[in-house]
Amino acid sequence: MEIDKAIKESDDRRLKTKYNNAIYVIQRALALYSIEELAFSFNGGKDSTVLLHLLRAGYFLHKGGQSCSDRDLTSFPIRTIYFESSSAFPEISSFTYDTASSYGLQLDSISSDFKSGLENLLKANPIKAIFLGVRIGDPTALGQEQFSPSSPGWPPFMRVNPILDWSYRDVWAFILTCKVEYCKLYDQGYTSIGSVHDTVPNSLLCINDSSCNKKFKPAYLLADGRLERAGRVKKLSLSIPGHFPVFGDSPDSVDPHKNGMLVASVIAVGDEILFGTVEDQLGTSLCRKLHSIGWSVSQIAIVQNDIDSMAEEVERHKSTNDMVFIYGGVGPLQSDVTLAGVAKAFGVRLAPDEEFEEYLRHLIGNQCTGDRNEMALLPEGITELLHHEKLPVPMVEIAQPLSKLCLEFPDINIGVYRKCRNGSLIISFQGKKQVRVDLAVEALCNMFHPRAFTEIN
Ligand SMILES: Cc1cc2nc3c(=O)[nH]c(=O)nc-3n(C[C@H](O)[C@H](O)[C@H](O)COP(=O)(O)O)c2cc1C
Ligand SMILES: Nc1ncnc2c1ncn2[C@@H]1O[C@H](COP(=O)(O)OP(=O)(O)OP(=O)(O)O)[C@@H](O)[C@H]1O
Ligand SMILES: [Mg+2]
(Lines give C-alpha, C1' and ligand atoms only; values in the text may rest on other atoms or scores of the structure.)
(Ligands and ions follow the chains in the order given, each with its own letter.)
Protein backbone atom coordinates (compact mmCIF):
# COMPACT_ATOMS: atom_id res chain seq x y z
CA MET A 1 0.00 0.00 0.00
CA GLU A 2 1.62 3.24 -1.18
CA ILE A 3 0.91 5.32 1.96
CA ASP A 4 2.11 2.68 4.39
CA LYS A 5 5.23 2.17 2.27
CA ALA A 6 6.02 5.90 2.09
CA ILE A 7 5.78 6.27 5.88
CA LYS A 8 7.83 3.13 6.54
CA GLU A 9 10.55 4.37 4.19
CA SER A 10 10.60 7.86 5.71
CA ASP A 11 13.12 8.67 8.43
CA ASP A 12 10.76 11.11 10.16
CA ARG A 13 10.30 9.32 13.51
CA ARG A 14 7.73 11.76 14.75
CA LEU A 15 5.57 11.26 11.66
CA LYS A 16 5.86 7.47 12.02
CA THR A 17 4.62 7.67 15.61
CA LYS A 18 1.69 9.90 14.66
CA TYR A 19 0.85 7.61 11.73
CA ASN A 20 0.96 4.48 13.88
CA ASN A 21 -1.27 6.06 16.51
CA ALA A 22 -3.81 7.17 13.90
CA ILE A 23 -3.82 3.74 12.25
CA TYR A 24 -4.34 2.17 15.68
CA VAL A 25 -7.43 4.33 16.28
CA ILE A 26 -8.78 3.51 12.81
CA GLN A 27 -8.24 -0.21 13.33
CA ARG A 28 -9.95 -0.05 16.74
CA ALA A 29 -12.96 1.59 15.05
CA LEU A 30 -12.94 -1.03 12.28
CA ALA A 31 -12.89 -3.74 14.95
CA LEU A 32 -15.69 -2.16 16.99
CA TYR A 33 -18.09 -1.30 14.15
CA SER A 34 -19.12 -2.93 10.90
CA ILE A 35 -18.37 -1.05 7.66
CA GLU A 36 -22.07 -0.09 7.36
CA GLU A 37 -21.98 1.44 10.84
CA LEU A 38 -19.11 3.77 9.93
CA ALA A 39 -19.00 7.03 7.98
CA PHE A 40 -16.26 9.46 7.01
CA SER A 41 -16.86 13.20 7.08
CA PHE A 42 -14.90 14.61 4.14
CA ASN A 43 -14.80 18.22 2.99
CA GLY A 44 -11.68 18.54 0.83
CA GLY A 45 -9.74 20.39 3.57
CA LYS A 46 -6.17 19.39 4.40
CA ASP A 47 -7.11 17.56 7.61
CA SER A 48 -9.80 15.48 6.00
CA THR A 49 -7.46 14.81 3.06
CA VAL A 50 -4.91 13.36 5.48
CA LEU A 51 -7.68 11.36 7.13
CA LEU A 52 -8.85 9.97 3.79
CA HIS A 53 -5.41 8.48 3.11
CA LEU A 54 -5.05 7.18 6.66
CA LEU A 55 -8.46 5.51 6.37
CA ARG A 56 -7.48 3.89 3.09
CA ALA A 57 -4.24 2.63 4.67
CA GLY A 58 -6.03 1.54 7.87
CA TYR A 59 -8.70 -0.31 5.88
CA PHE A 60 -6.06 -2.00 3.73
CA LEU A 61 -4.12 -3.15 6.82
CA HIS A 62 -7.36 -4.26 8.51
CA LYS A 63 -8.21 -6.39 5.47
CA GLY A 64 -4.97 -8.30 5.88
CA GLY A 65 -2.31 -6.10 4.29
CA GLN A 66 -0.42 -7.99 1.63
CA SER A 67 -3.26 -10.34 0.63
CA CYS A 68 -5.24 -7.31 -0.51
CA SER A 69 -3.85 -5.51 -3.55
CA ASP A 70 -3.74 -1.76 -4.16
CA ARG A 71 -6.40 -2.31 -6.80
CA ASP A 72 -8.88 -3.40 -4.11
CA LEU A 73 -8.63 0.14 -2.86
CA THR A 74 -9.99 1.75 -5.97
CA SER A 75 -13.35 1.51 -4.25
CA PHE A 76 -13.52 2.61 -0.64
CA PRO A 77 -16.40 1.00 1.25
CA ILE A 78 -16.88 3.51 4.08
CA ARG A 79 -19.77 5.88 3.36
CA THR A 80 -18.40 9.39 2.86
CA ILE A 81 -20.43 12.45 3.76
CA TYR A 82 -19.90 15.97 2.49
CA PHE A 83 -21.92 18.92 3.78
CA GLU A 84 -22.21 21.07 0.70
CA SER A 85 -22.65 24.78 1.06
CA SER A 86 -23.11 27.60 -1.43
CA SER A 87 -20.50 29.59 0.52
CA ALA A 88 -17.80 26.94 0.10
CA PHE A 89 -14.83 27.84 -2.11
CA PRO A 90 -15.42 26.39 -5.61
CA GLU A 91 -11.85 25.00 -5.47
CA ILE A 92 -12.75 23.06 -2.31
CA SER A 93 -15.97 21.65 -3.80
CA SER A 94 -14.31 20.59 -7.02
CA PHE A 95 -11.39 19.04 -5.13
CA THR A 96 -13.88 17.10 -2.97
CA TYR A 97 -15.73 15.71 -6.01
CA ASP A 98 -12.54 14.98 -7.98
CA THR A 99 -10.99 13.16 -5.03
CA ALA A 100 -14.18 11.18 -4.48
CA SER A 101 -14.08 9.97 -8.05
CA SER A 102 -10.31 9.23 -8.02
CA TYR A 103 -10.58 7.04 -4.93
CA GLY A 104 -13.99 5.50 -5.56
CA LEU A 105 -15.63 7.12 -2.54
CA GLN A 106 -19.38 6.64 -2.09
CA LEU A 107 -20.05 10.32 -1.59
CA ASP A 108 -23.29 11.51 0.03
CA SER A 109 -23.64 15.24 -0.53
CA ILE A 110 -25.83 16.82 2.09
CA SER A 111 -27.10 20.33 1.58
CA SER A 112 -28.78 20.92 4.94
CA ASP A 113 -26.94 22.09 8.06
CA PHE A 114 -24.75 19.72 10.07
CA LYS A 115 -27.30 18.82 12.74
CA SER A 116 -30.36 18.12 10.63
CA GLY A 117 -28.18 16.54 7.92
CA LEU A 118 -26.79 14.12 10.48
CA GLU A 119 -30.24 13.44 11.94
CA ASN A 120 -31.57 12.39 8.52
CA LEU A 121 -28.44 10.40 7.75
CA LEU A 122 -28.71 8.43 10.99
CA LYS A 123 -32.42 7.79 10.42
CA ALA A 124 -31.83 6.36 6.96
CA ASN A 125 -28.62 4.39 7.72
CA PRO A 126 -27.27 2.17 10.50
CA ILE A 127 -24.38 4.62 11.13
CA LYS A 128 -22.99 4.57 14.66
CA ALA A 129 -19.59 6.25 14.32
CA ILE A 130 -18.17 9.01 12.13
CA PHE A 131 -14.50 9.68 11.35
CA LEU A 132 -13.54 13.35 11.52
CA GLY A 133 -10.32 15.25 10.75
CA VAL A 134 -10.56 17.29 13.95
CA ARG A 135 -7.23 18.27 15.57
CA ILE A 136 -6.51 19.53 19.07
CA GLY A 137 -5.76 23.12 17.98
CA ASP A 138 -9.24 23.41 16.39
CA PRO A 139 -11.73 25.47 18.39
CA THR A 140 -14.21 22.57 18.34
CA ALA A 141 -11.72 19.99 19.64
CA LEU A 142 -11.59 21.10 23.24
CA GLY A 143 -12.38 18.27 25.61
CA GLN A 144 -12.56 15.67 22.83
CA GLU A 145 -10.74 12.33 22.88
CA GLN A 146 -9.98 10.00 19.99
CA PHE A 147 -13.40 8.46 20.64
CA SER A 148 -15.95 11.03 21.84
CA PRO A 149 -19.73 10.67 21.76
CA SER A 150 -21.48 13.50 19.92
CA SER A 151 -22.38 16.49 22.11
CA PRO A 152 -25.67 16.81 23.99
CA GLY A 153 -28.29 18.16 21.63
CA TRP A 154 -26.70 16.43 18.63
CA PRO A 155 -27.96 13.16 17.17
CA PRO A 156 -26.26 10.24 18.94
CA PHE A 157 -23.13 8.82 17.31
CA MET A 158 -19.48 8.29 18.17
CA ARG A 159 -17.02 10.88 16.86
CA VAL A 160 -13.77 9.14 15.91
CA ASN A 161 -10.80 11.53 15.67
CA PRO A 162 -7.70 9.61 14.51
CA ILE A 163 -5.60 12.77 13.99
CA LEU A 164 -6.67 14.57 17.15
CA ASP A 165 -3.05 14.76 18.40
CA TRP A 166 -1.54 15.85 15.06
CA SER A 167 -0.07 19.31 14.74
CA TYR A 168 -0.19 21.53 11.66
CA ARG A 169 3.36 20.46 10.85
CA ASP A 170 2.45 16.76 11.15
CA VAL A 171 -0.35 17.26 8.62
CA TRP A 172 2.01 18.78 6.07
CA ALA A 173 4.77 16.28 6.81
CA PHE A 174 2.28 13.52 5.95
CA ILE A 175 0.95 15.17 2.79
CA LEU A 176 4.45 15.92 1.47
CA THR A 177 5.98 12.59 2.47
CA CYS A 178 3.17 10.60 0.89
CA LYS A 179 2.96 12.99 -2.09
CA VAL A 180 -0.82 13.02 -2.05
CA GLU A 181 -2.84 15.66 -3.85
CA TYR A 182 -4.39 18.50 -1.90
CA CYS A 183 -6.69 21.40 -2.71
CA LYS A 184 -4.75 24.03 -4.66
CA LEU A 185 -5.90 26.86 -2.37
CA TYR A 186 -3.22 25.68 0.07
CA ASP A 187 -0.61 26.65 -2.52
CA GLN A 188 -2.08 30.16 -2.58
CA GLY A 189 -1.51 31.02 1.07
CA TYR A 190 -4.68 29.54 2.59
CA THR A 191 -3.77 27.61 5.73
CA SER A 192 -7.18 26.66 7.16
CA ILE A 193 -10.28 26.88 5.04
CA GLY A 194 -13.79 27.85 6.14
CA SER A 195 -16.28 29.60 3.90
CA VAL A 196 -15.67 32.33 1.28
CA HIS A 197 -17.10 34.81 3.80
CA ASP A 198 -14.66 34.14 6.61
CA THR A 199 -11.43 32.97 5.00
CA VAL A 200 -8.57 34.85 3.34
CA PRO A 201 -4.96 33.83 2.63
CA ASN A 202 -2.78 33.86 5.74
CA SER A 203 -0.94 37.20 5.85
CA LEU A 204 2.04 35.49 7.52
CA LEU A 205 2.74 33.88 4.15
CA CYS A 206 2.51 37.14 2.18
CA ILE A 207 5.39 38.19 -0.07
CA ASN A 208 5.23 41.57 -1.76
CA ASP A 209 6.79 41.30 -5.19
CA SER A 210 8.50 44.20 -6.98
CA SER A 211 5.23 45.42 -8.57
CA CYS A 212 3.64 45.55 -5.10
CA ASN A 213 1.30 42.69 -5.95
CA LYS A 214 0.42 40.50 -3.03
CA LYS A 215 1.65 36.95 -3.45
CA PHE A 216 1.56 34.13 -0.96
CA LYS A 217 3.83 31.25 -0.14
CA PRO A 218 2.28 27.76 0.11
CA ALA A 219 0.63 26.67 3.35
CA TYR A 220 3.31 24.11 4.17
CA LEU A 221 5.82 26.95 4.63
CA LEU A 222 3.96 28.47 7.58
CA ALA A 223 6.62 28.26 10.28
CA ASP A 224 4.40 28.40 13.32
CA GLY A 225 1.44 26.09 12.93
CA ARG A 226 -0.37 27.66 15.86
CA LEU A 227 -1.13 30.56 13.52
CA GLU A 228 -2.90 28.45 10.89
CA ARG A 229 -6.19 30.21 11.60
CA ALA A 230 -4.72 33.70 11.10
CA GLY A 231 -6.46 33.74 7.70
CA ARG A 232 -9.86 33.27 9.32
CA VAL A 233 -11.61 36.63 9.44
CA LYS A 234 -12.73 37.31 13.01
CA LYS A 235 -16.39 37.03 13.82
CA LEU A 236 -18.09 40.40 14.39
CA SER A 237 -18.63 39.87 18.12
CA LEU A 238 -14.88 39.64 18.69
CA SER A 239 -14.23 43.03 17.21
CA ILE A 240 -16.64 45.01 19.36
CA PRO A 241 -14.33 47.70 20.72
CA GLY A 242 -13.62 47.88 24.44
CA HIS A 243 -14.73 44.35 25.28
CA PHE A 244 -11.62 42.70 26.60
CA PRO A 245 -12.62 41.73 30.13
CA VAL A 246 -9.04 41.59 31.39
CA PHE A 247 -8.85 45.35 31.21
CA GLY A 248 -12.16 45.88 32.98
CA ASP A 249 -15.27 47.45 31.57
CA SER A 250 -15.00 50.84 33.18
CA PRO A 251 -15.29 53.64 30.61
CA ASP A 252 -11.88 55.10 31.37
CA SER A 253 -9.98 51.79 31.24
CA VAL A 254 -7.29 51.78 28.55
CA ASP A 255 -7.40 48.98 26.03
CA PRO A 256 -4.05 48.65 24.26
CA HIS A 257 -5.64 46.36 21.63
CA LYS A 258 -7.65 49.39 20.50
CA ASN A 259 -4.46 51.22 19.59
CA GLY A 260 -3.37 48.28 17.51
CA MET A 261 -0.83 47.24 20.14
CA LEU A 262 -0.07 43.60 20.75
CA VAL A 263 -0.64 42.55 24.32
CA ALA A 264 1.34 40.03 26.33
CA SER A 265 1.16 38.77 29.89
CA VAL A 266 3.70 37.03 32.05
CA ILE A 267 3.34 34.10 34.44
CA ALA A 268 6.27 33.33 36.74
CA VAL A 269 6.02 29.94 38.40
CA GLY A 270 7.77 28.95 41.59
CA ASP A 271 7.26 28.52 45.30
CA GLU A 272 10.73 30.06 45.82
CA ILE A 273 9.48 33.38 44.44
CA LEU A 274 6.44 33.25 46.72
CA PHE A 275 8.59 32.25 49.74
CA GLY A 276 10.72 35.29 48.99
CA THR A 277 13.92 33.24 48.70
CA VAL A 278 14.31 34.12 45.03
CA GLU A 279 13.74 37.45 43.39
CA ASP A 280 12.07 37.34 39.99
CA GLN A 281 14.31 39.33 37.71
CA LEU A 282 13.22 37.78 34.44
CA GLY A 283 9.76 39.40 34.58
CA THR A 284 11.21 42.90 34.73
CA SER A 285 13.63 42.39 31.88
CA LEU A 286 10.94 40.68 29.79
CA CYS A 287 8.61 43.67 30.26
CA ARG A 288 11.41 46.05 29.29
CA LYS A 289 12.14 44.02 26.16
CA LEU A 290 8.44 43.79 25.18
CA HIS A 291 7.92 47.49 25.73
CA SER A 292 10.96 48.30 23.57
CA ILE A 293 9.45 46.43 20.62
CA GLY A 294 6.06 48.11 20.96
CA TRP A 295 4.14 45.49 22.90
CA SER A 296 2.06 46.21 25.94
CA VAL A 297 2.08 43.96 29.03
CA SER A 298 -1.30 43.48 30.69
CA GLN A 299 -0.23 41.60 33.80
CA ILE A 300 2.55 39.78 35.64
CA ALA A 301 1.36 36.91 37.82
CA ILE A 302 3.31 34.73 40.22
CA VAL A 303 1.93 31.24 40.70
CA GLN A 304 2.82 28.44 43.10
CA ASN A 305 3.95 25.01 41.92
CA ASP A 306 0.48 23.54 41.72
CA ILE A 307 -1.28 22.14 38.65
CA ASP A 308 -4.71 23.62 39.35
CA SER A 309 -3.39 27.07 40.22
CA MET A 310 -1.31 26.99 37.05
CA ALA A 311 -4.23 25.84 34.88
CA GLU A 312 -6.53 28.52 36.29
CA GLU A 313 -3.95 31.24 35.69
CA VAL A 314 -3.31 30.13 32.09
CA GLU A 315 -7.06 29.94 31.51
CA ARG A 316 -7.40 33.55 32.72
CA HIS A 317 -4.61 34.83 30.45
CA LYS A 318 -5.03 32.86 27.25
CA SER A 319 -8.15 34.38 25.74
CA THR A 320 -7.27 38.02 26.32
CA ASN A 321 -3.59 38.24 25.40
CA ASP A 322 -1.81 37.84 22.08
CA MET A 323 0.98 35.99 23.83
CA VAL A 324 1.49 34.59 27.32
CA PHE A 325 5.05 34.10 28.57
CA ILE A 326 5.46 31.41 31.21
CA TYR A 327 8.69 30.50 32.96
CA GLY A 328 9.72 28.42 35.92
CA GLY A 329 8.56 24.96 36.89
CA VAL A 330 9.61 23.28 33.65
CA GLY A 331 12.37 21.07 35.03
CA PRO A 332 12.42 17.40 35.94
CA LEU A 333 11.27 17.64 39.56
CA GLN A 334 7.91 16.44 40.79
CA SER A 335 7.19 20.00 41.82
CA ASP A 336 7.72 21.19 38.23
CA VAL A 337 4.11 21.23 37.09
CA THR A 338 4.01 24.12 34.63
CA LEU A 339 3.52 21.94 31.55
CA ALA A 340 0.88 19.84 33.30
CA GLY A 341 -0.94 23.07 34.20
CA VAL A 342 -0.80 24.31 30.61
CA ALA A 343 -2.06 20.94 29.36
CA LYS A 344 -4.96 21.09 31.81
CA ALA A 345 -5.86 24.62 30.75
CA PHE A 346 -6.12 23.42 27.14
CA GLY A 347 -7.95 20.20 28.03
CA VAL A 348 -5.21 17.88 26.73
CA ARG A 349 -2.89 15.29 28.27
CA LEU A 350 0.84 15.32 28.79
CA ALA A 351 2.34 12.81 26.39
CA PRO A 352 5.85 11.78 25.27
CA ASP A 353 7.01 13.92 22.38
CA GLU A 354 9.34 12.19 19.95
CA GLU A 355 10.93 15.35 18.67
CA PHE A 356 11.65 16.79 22.11
CA GLU A 357 13.04 13.45 23.22
CA GLU A 358 15.39 13.50 20.25
CA TYR A 359 16.44 17.05 21.12
CA LEU A 360 17.14 16.12 24.73
CA ARG A 361 19.07 13.07 23.62
CA HIS A 362 21.28 15.40 21.58
CA LEU A 363 21.89 17.56 24.62
CA ILE A 364 22.46 14.96 27.27
CA GLY A 365 23.14 11.74 25.42
CA ASN A 366 21.43 8.55 26.47
CA GLN A 367 22.55 8.62 30.09
CA CYS A 368 19.48 10.42 31.39
CA THR A 369 16.82 9.02 29.15
CA GLY A 370 16.20 5.51 30.48
CA ASP A 371 13.08 4.02 28.93
CA ARG A 372 11.42 7.36 28.51
CA ASN A 373 12.73 10.74 29.47
CA GLU A 374 10.22 12.24 31.86
CA MET A 375 11.31 15.68 30.70
CA ALA A 376 10.10 14.88 27.21
CA LEU A 377 6.42 15.00 28.16
CA LEU A 378 4.59 17.87 26.47
CA PRO A 379 0.94 18.94 26.16
CA GLU A 380 -0.35 16.51 23.56
CA GLY A 381 -1.15 17.86 20.12
CA ILE A 382 -0.80 21.56 20.89
CA THR A 383 2.96 21.87 21.15
CA GLU A 384 5.20 23.21 18.40
CA LEU A 385 8.87 23.28 19.28
CA LEU A 386 10.56 26.40 18.04
CA HIS A 387 14.26 25.79 17.51
CA HIS A 388 16.73 28.24 18.89
CA GLU A 389 20.22 27.01 19.51
CA LYS A 390 20.88 29.47 22.31
CA LEU A 391 17.95 28.29 24.37
CA PRO A 392 19.26 25.78 26.87
CA VAL A 393 16.81 23.28 28.30
CA PRO A 394 16.81 23.93 32.03
CA MET A 395 18.77 21.66 34.30
CA VAL A 396 19.23 18.73 31.97
CA GLU A 397 22.62 18.11 33.54
CA ILE A 398 21.13 17.28 36.91
CA ALA A 399 17.68 16.12 35.86
CA GLN A 400 17.99 12.47 36.80
CA PRO A 401 19.90 12.72 40.12
CA LEU A 402 17.49 15.37 41.32
CA SER A 403 14.34 13.44 40.44
CA LYS A 404 15.85 10.47 42.32
CA LEU A 405 16.54 12.71 45.30
CA CYS A 406 12.98 14.06 45.28
CA LEU A 407 11.66 10.50 45.50
CA GLU A 408 14.04 9.65 48.36
CA PHE A 409 13.22 12.83 50.30
CA PRO A 410 9.51 13.54 49.77
CA ASP A 411 9.51 15.61 52.99
CA ILE A 412 12.05 18.09 51.60
CA ASN A 413 11.11 20.87 49.21
CA ILE A 414 13.88 20.89 46.59
CA GLY A 415 14.06 23.83 44.23
CA VAL A 416 16.47 24.62 41.40
CA TYR A 417 17.01 27.94 39.71
CA ARG A 418 19.55 30.22 38.09
CA LYS A 419 20.03 33.91 38.86
CA CYS A 420 20.76 34.66 35.23
CA ARG A 421 20.84 32.65 32.00
CA ASN A 422 24.52 31.69 32.24
CA GLY A 423 24.75 31.74 36.04
CA SER A 424 25.45 28.66 38.13
CA LEU A 425 22.61 26.47 39.22
CA ILE A 426 21.37 27.07 42.75
CA ILE A 427 19.73 24.13 44.49
CA SER A 428 17.70 24.95 47.57
CA PHE A 429 16.49 22.53 50.25
CA GLN A 430 13.72 23.34 52.68
CA GLY A 431 12.24 21.02 55.30
CA LYS A 432 10.91 20.89 58.82
CA LYS A 433 13.75 18.70 60.16
CA GLN A 434 17.28 20.01 59.76
CA VAL A 435 18.67 16.42 60.00
CA ARG A 436 16.71 15.43 56.92
CA VAL A 437 17.81 18.56 55.03
CA ASP A 438 21.45 17.73 55.88
CA LEU A 439 20.95 14.15 54.76
CA ALA A 440 19.46 15.28 51.42
CA VAL A 441 22.35 17.70 50.85
CA GLU A 442 24.82 14.92 51.63
CA ALA A 443 23.04 12.50 49.30
CA LEU A 444 23.20 15.07 46.50
CA CYS A 445 26.92 15.75 47.10
CA ASN A 446 27.61 12.02 46.94
CA MET A 447 26.09 11.86 43.48
CA PHE A 448 28.62 14.29 42.03
CA HIS A 449 32.34 14.98 41.83
CA PRO A 450 33.56 16.66 45.08
CA ARG A 451 34.35 19.88 43.22
CA ALA A 452 31.00 20.05 41.37
CA PHE A 453 29.59 22.46 43.97
CA THR A 454 31.24 25.81 44.54
CA GLU A 455 29.34 26.69 47.71
CA ILE A 456 27.24 24.82 50.26
CA ASN A 457 25.44 26.73 52.98
C1 LIG B 1 -19.89 14.84 11.07
C2 LIG B 1 -19.92 16.00 12.00
C3 LIG B 1 -20.22 15.80 13.33
C4 LIG B 1 -20.23 16.86 14.23
N5 LIG B 1 -20.54 16.63 15.55
C6 LIG B 1 -20.59 17.66 16.41
C7 LIG B 1 -20.89 17.46 17.78
O8 LIG B 1 -21.12 16.35 18.25
N9 LIG B 1 -20.91 18.53 18.59
C10 LIG B 1 -20.65 19.81 18.14
O11 LIG B 1 -20.69 20.74 18.93
N12 LIG B 1 -20.35 20.02 16.85
C13 LIG B 1 -20.30 18.98 15.98
N14 LIG B 1 -20.00 19.22 14.66
C15 LIG B 1 -19.73 20.60 14.20
C16 LIG B 1 -18.23 20.91 14.25
O17 LIG B 1 -17.76 20.81 15.58
C18 LIG B 1 -17.91 22.30 13.72
O19 LIG B 1 -18.79 23.22 14.25
C20 LIG B 1 -17.98 22.28 12.26
O21 LIG B 1 -17.03 21.36 11.75
C22 LIG B 1 -17.75 23.67 11.64
O23 LIG B 1 -16.45 24.11 11.85
P24 LIG B 1 -16.05 25.57 11.37
O25 LIG B 1 -16.94 26.51 12.13
O26 LIG B 1 -14.60 25.69 11.76
O27 LIG B 1 -16.26 25.60 9.89
C28 LIG B 1 -19.95 18.16 13.77
C29 LIG B 1 -19.64 18.37 12.42
C30 LIG B 1 -19.62 17.31 11.54
C31 LIG B 1 -19.26 17.54 10.10
N1 LIG C 1 -18.60 20.67 5.18
C2 LIG C 1 -18.13 19.58 5.74
N3 LIG C 1 -18.46 18.36 5.26
C4 LIG C 1 -17.97 17.24 5.77
N5 LIG C 1 -17.12 17.21 6.81
C6 LIG C 1 -16.76 18.38 7.35
C7 LIG C 1 -17.22 19.64 6.85
N8 LIG C 1 -16.66 20.63 7.57
C9 LIG C 1 -15.89 20.04 8.49
N10 LIG C 1 -15.94 18.69 8.36
C11 LIG C 1 -15.21 17.70 9.19
O12 LIG C 1 -14.62 18.38 10.29
C13 LIG C 1 -13.19 18.22 10.22
C14 LIG C 1 -12.52 19.45 10.77
O15 LIG C 1 -12.74 20.57 9.94
P16 LIG C 1 -11.58 21.61 9.69
O17 LIG C 1 -12.14 22.74 8.92
O18 LIG C 1 -10.92 21.89 11.01
O19 LIG C 1 -10.48 20.77 8.87
P20 LIG C 1 -10.27 20.67 7.29
O21 LIG C 1 -11.40 21.35 6.61
O22 LIG C 1 -10.05 19.24 6.95
O23 LIG C 1 -8.91 21.47 7.06
P24 LIG C 1 -8.66 23.05 7.26
O25 LIG C 1 -8.36 23.22 8.73
O26 LIG C 1 -7.49 23.35 6.42
O27 LIG C 1 -9.90 23.77 6.87
C28 LIG C 1 -12.89 17.94 8.77
O29 LIG C 1 -11.62 17.33 8.61
C30 LIG C 1 -14.06 17.06 8.40
O31 LIG C 1 -13.87 15.74 8.89
MG1 LIG D 1 -11.98 23.40 6.90
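Quick notes on this one:
- Protection proxy ranking, peptides 178-190, 333-345, 115-127, average beta carbon neighbours within 10 Å, highest first: 333-345, 178-190, 115-127
- Once C-alpha pairs closer than 8 Å and six or more residues apart are averaged by separation and normalised to the residue number of the chain, the relative contact order reads 11 percent.
- For PHE76, nonlocal amide neighbours, meaning residues 5 or more places apart or on other chains whose placed amide H falls under 5 Å from its own, are LEU105, GLN106.
- FRET efficiency estimate (nearest 0.05) - Cβ-Cβ, SER75 to ARG226, R0 30 angstrom: 0.20
- Relative to the current alpha-carbon distance between ARG349 and SER34, full extension at 0.36 nm per residue lengthens the span by 110.4 nm.
- Calculated [θ] (222 nm, deg cm²/dmol) that DSSP helices of n ≥ 4 give over the chain, each run adding -39,500 (n - 2.57): -10000 deg cm²/dmol
- Sequence-distant residues sharing a close amide H with ILE267 (under 5 Å, placed H): ALA301, PHE325, ILE326, TYR327
- Local net charge near LEU132, Cβ-Cβ under 9 Å (Lys/Arg +1, Asp/Glu -1): 0
- Per-residue SASA entry for GLU145, accessible area with 1.4 Å probe, Å² rounded to 10: 80 Å²
- Local net charge near VAL342, Cβ-Cβ under 15 Å (Lys/Arg +1, Asp/Glu -1): -4
- Taken as Cα centroids, region 399-457 and region 270-338 sit 24 Å apart, rounded to the nearest whole angstrom.
- Given R0 = 41 Å, the distance between the Cβ atoms of ASP113 and LEU385 translates into a calculated FRET efficiency of 0.60.
- Protection proxy ranking, peptides 225-232, 128-135, average beta carbon neighbours within 10 Å, highest first: 128-135, 225-232
- The distance separating the Cα centre of region 1-70 from that of region 143-216 comes to 19 Å.
- Accessible surface, region 33-178, averaged per residue in Å² (probe 1.4 Å): 41 Å²
- Within region 86-193, all pairs of alpha-carbon atoms sorted by distance into 5 Å bins from zero give the percentages 2, 9, 15, 20, 23, 20, 9, 2.
The values are calculated or read from the model by the stated rules, or taken from the named source; none is laboratory data. In this text the structure is predicted, and so the values were computed from the model without any measurement. Here the Cβ is made from the backbone with ideal geometry for all residues, glycine too, and neighbour counts use every protein chain on show. Each accessible area value is taken on the protein alone, full model and side chains, heavy atoms only, with ligands, DNA and RNA left out. Shrake-Rupley method; radii C 1.70, N 1.55, O 1.52, S 1.80 Å.
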